[in-house]
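Engineer: Once you've had a glance at the structure underneath, I'll fire off some questions.
The values are calculated or read from the model by the stated rules, or taken from the named source; none is laboratory data. Note that this is a predicted model, so its numbers are computed, not measured. FYI the Cβ positions are ideal-geometry reconstructions off the backbone, even for glycines, and counts take in every protein chain you see. Remember, those area values only see protein heavy atoms, side chains included, never the ligands or the DNA or RNA. Shrake-Rupley method; radii C 1.70, N 1.55, O 1.52, S 1.80 Å.
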Amino acid sequence: MYSYFMPTKLIAGTDCLKNNSSQMILGSRAVIITGKSSGKSSGALGEVQEILERENIPWSVYDRIENNPSLECVWEAGQFAKSQKADFVIGIGGGSPLDSAKAAAVYAANTIAPMDIFKGVYPVRPLPICAIPTTAGTGSEVTPYSILTLNREQTKKSFTSPECFPAVAFLDGRYNKNVPLQTARNTAVDAMSHCIEGYLNKKASPATDYIALEGLRILARHLKGLMDGALSVDDCTELLFAASLGGMVIAQTGTTIVHSMGYQLTYHKDIPHGMANGLLLGKFAMLCQGQQTQKVQRLLKALSLPSLKELCRTLASLLPCKTSFSPEELESYAKISIQAKNVESCPFPVTRELETEILKDCLLNR
Ligand code: NAP
Ligand code: FE
């Protein structure tokens, strides 16, 4: 038995926002949640503001979302939205602003303590969310998750609620066309990681398998462009779509230890999210091979790669990471990451010792 639930309306293609502007209006007073530069540099913020002006919808902007947003940051964004009496949220940016838009939607609608957001059940329904991704990676525009940096636990932690799926998402390659090349690579690897972790997940279903393989096929078509930096607007829209497919997969299956161990690399060493996953992904796929031989072959075929070794080589060339680690650091990361819920979704048994071994294997012998 399996089920599939994804209530977000996806609208994709060049100029999709301008041509469907009424779909963006989810209330009578908007708050825009975005990063320091991504809203402006993508061009999406200007287009959104133009539509709101034209439609006579009052709006305000919170543009101080940090990368890997902390609980404190999203709390402030939520209090801002509340003070502005916003009744809908427009998130513009990469995963960080989109995840923050979800948190702000919860805090603006409710009077709860900051940590209560992790309960996933709220007295009042969160404000409706319009999501406009400007990176092609997290798929946050089609997931119910929001991942926050929790300094007191020295890690990143997610909350989830079916009420946090955005109501509508706009995918336009013009918005991610100008992301720095290394960010484009990191985020594409995040999308690949979602497809692979979802496909090899204990919670995988025929629906998510189908979507994951298609996501990988699209990503495979753009690996060369990601290496060379030669991506057209249409390529960028396709990459956004692949990222949404990855999001649709993990919205059902969740992620695995690749993500929970990756959070440690981001928290302690500031390694970007997608890169952190990519450093561990090849080894994870190798460990799945015993139980999931056929599936590993199918995912390699979808990626047009001959072997897992070649997958590791591809990831290494996309992700030049110079950060060094000590064995003691990696042991301390495993101590935290083993506590994550998604350990249970792995197709093989996971212990703290195994996580330490994976981290050492991937990060000490490069
Ligand atoms: P990000 O942290 O949102 O953005 C990375 C950098 O790219 C930022 O400096 C950002 O600038 C910049 N940027 C974004 N769009 C740009 C554009 N069009 N042009 C120029 N620069 C641009 O990175 P991300 O990888 O997309 O998101 C990572 C976050 O998402 C992590 O916190 C991760 O845990 C989370 N995540 C969530 C889910 C989910 O299901 N909700 C899944 C996976 C990951 P600004 O600083 O100006 O924004
Ligand atoms: Fe991710």
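Engineer: Determine the gain in length on full extension of the stretch Arg221-Ser326; use 0.36 nm per residue of separation and subtract their C-alpha separation, reporting nm with one decimal.
Structural biologist: Separation in residues times 0.36 nm, less the Cα-Cα distance, equals 34.1 nm.
Engineer: Can you give the local net charge around Ala30? Use residues other than it whose beta-carbon is closer than 10 angstrom to its beta-carbon, Lys and Arg +1, Asp and Glu -1.
Structural biologist: The answer is -1.
Engineer: What does the charge count around Asp228 come to, taking other residues whose C-beta lies under 12 Å from its C-beta (Lys +1, Arg +1, Asp -1, Glu -1)?
Structural biologist: So the surrounding residues net to +1.
Engineer: Run the accessible area of the stretch 1-134 with a 1.4 Å probe and give the carbon-and-sulfur part as a rounded percent.
Structural biologist: Of the solvent-accessible surface of the stretch 1-134, carbon and sulfur hold 50 percent.
Engineer: Using the Cα centre as the reference, give the magnitude of the dipole from point charges on the C-beta atoms of the stretch 24-118 (Lys, Arg: +1; Asp, Glu: -1; all else neutral), rounded to the nearest 20 debye.
Structural biologist: Using Cβ point charges on Lys, Arg, Asp and Glu, the stretch 24-118 gives about 80 debye.
Engineer: Place a +1 charge on the Cβ of each Lys and Arg in the stretch 145-276 and a -1 charge on the Cβ of each Asp and Glu, then give the dipole magnitude about the Cα centre in debye, rounded to the nearest 20.
Structural biologist: Using only the charged Cβ atoms, the result is roughly 300 debye.
Engineer: At a Förster radius of 30 Å, what calculated FRET efficiency corresponds to the Cβ-Cβ distance of Glu153 and Ala230, to the nearest 0.05?
Structural biologist: About 0.10, to the nearest 0.05.
Engineer: Which whole-number percent is the relative contact order of the chain (Cα, under 8 Å, 6+ apart)?
Structural biologist: Dividing the mean separation by the residue count of the chain yields 16 percent.
Engineer: Could you state the angle between the C-alpha long axis of helix 181-199 and the longest principal axis of the C-alpha atoms of the chain, as a value from 0 to 90 degrees rounded to the nearest 10?
Structural biologist: The angle comes out at about 70 degrees.
Engineer: What angle, in degrees between 0 and 90 and rounded to the nearest 10, separates the Cα long axis of helix 327-337 from the longest principal axis of the Cα atoms of the chain?
Structural biologist: Tilt of helix 327-337: around 50 degrees.
Engineer: Tally up the carbon and sulfur contribution to the accessible surface of the stretch 238-285 as a whole percent, 1.4 Å probe, everything protein left in place.
Structural biologist: Percent of accessible area from carbon and sulfur atoms in the stretch 238-285: 51.
Engineer: A further question on this structure: Solvent-accessible area per residue for the chain at a 1.4 Å probe radius, Å²?
Structural biologist: Per-residue value: 41 Å².
Engineer: By how many nm would the segment from Asp15 to Gln294 grow when fully extended, if each residue of separation counts as 0.36 nm and the alpha-carbon distance is taken off?
Structural biologist: 96.4 nm
Engineer: Here is a follow-up. Counting Lys +1, Arg +1, Asp -1, Glu -1, what net charge surrounds Lys18 among other residues with beta carbon under 13 Å of its beta carbon?
Structural biologist: Surrounding charge for Lys18 is -3.
Engineer: Using a 1.4 Å probe on the protein chains only, how many percent of the accessible area of the stretch 142-210 belongs to carbon and sulfur?
Structural biologist: Taking all protein chains in place, the stretch 142-210 shows 52 percent carbon and sulfur surface.
Engineer: In this model, which of Lys283/Lys309; Lys102/Lys283; Lys283/Lys360; Lys335/Lys360 are farther than 21 Å apart at the alpha-carbon?
Structural biologist: Pairs exceeding 21 Å: Lys102/Lys283.
Engineer: Hey, another quick one. Can you give the FRET efficiency to the nearest 0.05 for Gln339 and Tyr210, using r as the Cβ-Cβ distance and R₀ = 25 Å?
Structural biologist: The value I calculate is 0.20.
Engineer: Let me ask another. Report the FRET efficiency, 1/(1 + (r/R0)^6), for Lys269 and Lys360, where r is their Cβ-Cβ distance and R0 is 22 Å, rounded to 0.05.
Structural biologist: Efficiency, rounded to the nearest 0.05: 0.90.
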